[in-house]
Structures are given as structure tokens and as C-alpha cells.
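Asks: Encoded as C-alpha cells, here's the structure I'll be asking about.
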Amino acid sequence: MERGRAQRGAEFVQVAHERLLVLAIPVNNVRPMQEGEILFTREQIAKRVAELGAQISNDFAGQRVILLGVLKGATVFLSDLARHVTVEATFDFVGISSYRDKSESSGEVRLTKDVDESMEGRNVILVEDILDTGLTLSYLIKIISAHQPRALRVCTLLDKPARRQVPVRADYIGFEIPDKFVVGYGMDYAERYRNLQEIRVLPPEAIG
Ligand code: IMP
């Protein structure tokens, strides 16, 4: 009898759970992301990030650097890159608002979080997930240059040169990619998919 009650209880919980899941899908607008073509696997990314870290370590041998990440997309890249930088490194972050829940830029760039410390006399490596139109980085380069850093370099994991609207060149580039909207490894579509381990092309059915 006790077992019967326990079983009925378990069945109730199971049914309630299934109903909640069914309800949760439309409410949260969750769409699966398995179909997007993989552009770079975790292994390919890890290999290239290690190479970039080695290059930076070599260029700044015997010096200190600040890894200045652009929130939020560059956080995953920065945390992996930093562990391949063998010179003394500190972190700082800037917040930028330009893309709002869309795969198209509004064209307007706004600073939502400034640096915590002055960049004066420091070796600053601006770390970005993707260089697209160039509007974000040209804006940031102007702001950081005003601090009069000792050196200012740009490190981007991805570069979409075909989309450039303003002339910006990165000093360290992980991969050049065609004009496709990508997600994963920190990059989002409407704040989603940042936690994918690989970089995928956003499929049209995921846009909603
Ligand atoms: P830009 O100012 O047009 O160069 O854009 C830079 C920012 O746009 C990046 O930091 C990303 O946040 C976002 N972005 C551009 N292309 C993509 C993409 O394909 N996927 C996700 N975010 C993108």
C-alpha cells in the first residue's frame, strides 16, 4: 500500500514534469541548436587559441599586458586565451551595446561599462570575439587610445572582412570567416547559444 502510494506519487511528479516541460518550451521560446553547420570544432578553436596566446607571449616577452575583453561575447575566448599567455597578465572588461536581439547591427555603439583602471602607459590587448563592421572596435580604439597606452593591440577570434564598414585591422586573428552569422564559444543570437563549445552557423529556423 505504501509502495502503491509512492508509485502514484512518482507518476504524478513525472506527468507534472512532462506538462511543465511542454509548457516551458513555448513560454521560453527554446529552440534546439543541433542543425547549425559547425564552422570550428572545440579542437580547432583550442589549437588556434593556444597559437594566439603563444604569439602574444612572444611579442610581449618580459613585459606585462592587460587583456581587455569586450563583454559579453569575448569572455569565453579571453578566459582560454589568458591561460596561454605566459607573460604577466591582468584582466579588465568594457561593455558595449550595439546588437540588440538581432543578427543585424543597429549601427549605434554605446559604452555600457568603462574600464576599471586607467590604461595609461600599459600594454593593452583588446580581446574581441568577432570583428564584423568594425564599428565597435574603431569606437573602442578611439576611447582606449585617449588613455595613452604604451601599446594597443587588437586580438579577435573571428574576422569577417567582407562586412567591414570602417577600416579596422586586428593584430591577432584566430580565423577569417565568410559573411555568416555565427554563434557559440561566447557568441550569441539574442543572448542564446553562448555556451556552445563549438562555433556554428546560426540556421534560419533558429531565428525567431
Ligand atoms: P562590429 O561592430 O559590427 O564589428 O561588431 C562587433 C560585434 O557584433 C561583436 O562583438 C559581436 O558581438 C557582434 N557580432 C557580429 N557578428 C556576429 C556574429 O556572426 N555572431 C554573433 N555576434 C556577432
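The values are calculated or read from the model by the stated rules, or taken from the named source; none is laboratory data. It should be emphasised that the depicted structure is a prediction, and the values quoted were computed from it without experimental measurement. With ideal geometry, Cβ positions are generated from the backbone for all residues, glycine too; neighbour counts draw on all protein chains shown. SASA here: full protein model, heavy atoms, side chains in, ligands and nucleic acids out. Shrake-Rupley method; radii C 1.70, N 1.55, O 1.52, S 1.80 Å.
Asks: Can you find a residue in the stretch 144-151 that is surrounded by fewer than 18 Cβ atoms within 10 Å (Cβ to Cβ), modelled with pLDDT of 95 or more and part of a strand (DSSP E or B)?
Replies: The answer is yes, given that some residue of the stretch 144-151 is surrounded by fewer than 18 Cβ atoms within 10 Å (Cβ to Cβ), modelled with pLDDT of 95 or more and part of a strand (DSSP E or B).
Asks: Moving to a separate point now. Given the criteria touching a strand residue (DSSP E or B) at 6+ places or on another chain (Cβ under 9 Å), part of a loop (DSSP other than H, G, I, E, B) and surrounded by 12 or more Cβ atoms within 10 Å (Cβ to Cβ), does VAL168 qualify? Talk me through it step by step, then tell me what you get.
Replies: Values: touching a strand residue (DSSP E or B) at 6+ places or on another chain (Cβ under 9 Å): yes; part of a loop (DSSP other than H, G, I, E, B): yes; surrounded by 12 or more Cβ atoms within 10 Å (Cβ to Cβ): yes.
So VAL168 passes the test.
Asks: With respect to LEU52, is the statement that it is away from the ligand (no atom under 16 Å from the Cβ), crowded, with 16+ Cβ neighbours inside 10 Å and either free of Cβ contacts under 8 Å to residues at least 40 places away in the same chain or not hydroxyl-bearing (Ser, Thr, Tyr) (or both) true? Don't jump to the end; show me each part of the working.
Replies: Numbers: away from the ligand (no atom under 16 Å from the Cβ): yes; crowded, with 16+ Cβ neighbours inside 10 Å: yes; either free of Cβ contacts under 8 Å to residues at least 40 places away in the same chain or not hydroxyl-bearing (Ser, Thr, Tyr) (or both): yes.
So LEU52 fits the description; yes.
Asks: Among the residues of the stretch 66-78, what is the count of those that are more than 16 Å from the ligand (Cβ to nearest atom) and outside any strand (DSSP E or B)?
Replies: Summing the residues that are more than 16 Å from the ligand (Cβ to nearest atom) and outside any strand (DSSP E or B) in the stretch 66-78 gives 0.
Asks: Return the residue satisfying two criteria in turn: it lies in the stretch 110-143 and is open to solvent by 30 Å² or more (accessible area, probe 1.4 Å) and β-branched (Val, Ile, Thr), and of such residues it is nearest to the chain's Cα centre (by Cα). I'd like the intermediate steps shown before the answer.
Replies: Step one: of the stretch 110-143, the residues open to solvent by 30 Å² or more (accessible area, probe 1.4 Å) are 110-114, 116-118, 120-122, 130, 135, 138-139, 141-143.
Restricting the remaining residues to those that are β-branched (Val, Ile, Thr) gives 112, 130, 141, 143.
On the way: THR112: 16, ILE130: 8, ILE141: 18, ILE143: 21 Å.
Here the answer is ILE130.
Asks: Count, please, the residues in the stretch 171-196 that happen to be under 8 Å from the mean Cα position of the chain (by Cα) and of a type in the set (Phe, Trp, Tyr).
Replies: Qualifying residue count, the stretch 171-196: 1.
Asks: Tell me, yes or no, whether the stretch 83-93 has at least one residue that is buried (at least 19 other Cβ atoms within 10 Å of the Cβ), aliphatic (A, V, I, L, M) and more than 19 Å from the chain's Cα centre (by Cα).
Replies: Looking for residues that are buried (at least 19 other Cβ atoms within 10 Å of the Cβ), aliphatic (A, V, I, L, M) and more than 19 Å from the chain's Cα centre (by Cα), one finds at least one in the stretch 83-93, hence yes.
Asks: It is to be established whether one or more residues within the stretch 178-194 are more than 13 Å from the ligand (Cβ to nearest atom) and either in a helix (DSSP H, G or I) or closer than 24 Å to VAL85 by Cα (or both).
Replies: Scanning the stretch 178-194 turns up no residue that is more than 13 Å from the ligand (Cβ to nearest atom) and either in a helix (DSSP H, G or I) or closer than 24 Å to VAL85 by Cα (or both).
Asks: Within the set of pairs 6 or more residues apart or between chains, which connect a residue that is farther than 19 Å from VAL182 by Cβ and part of a loop (DSSP other than H, G, I, E, B) inside the stretch 93-110 to a residue that is within 11 Å of the ligand (Cβ to nearest atom) and at pLDDT 90 or above with Cβ atoms less than 8 Å apart?
Replies: GLY107/THR133; GLY107/LEU135; VAL109/ILE96; VAL109/LEU135; VAL109/THR136; VAL109/TYR139
Asks: Please specify each residue of the stretch 20-34 satisfying the condition of being modelled with pLDDT of 60 or more and in contact with a helix residue (DSSP H, G or I) (Cβ under 7 Å, 6 or more places away or on another chain). If you could, list the steps in order and put the result at the bottom.
Replies: Initial filter on the stretch 20-34 (modelled with pLDDT of 60 or more): 33-34.
Across the stretch 20-34, the qualifying residue is only MET33.
Asks: Another question about this same structure. So which of ALA151, ALA146 is more than 23 Å from ALA82 (Cα to Cα) and away from the ligand (no atom under 15 Å from the Cβ)?
Replies: Among ALA151, ALA146, only ALA146 is more than 23 Å from ALA82 (Cα to Cα) and away from the ligand (no atom under 15 Å from the Cβ).
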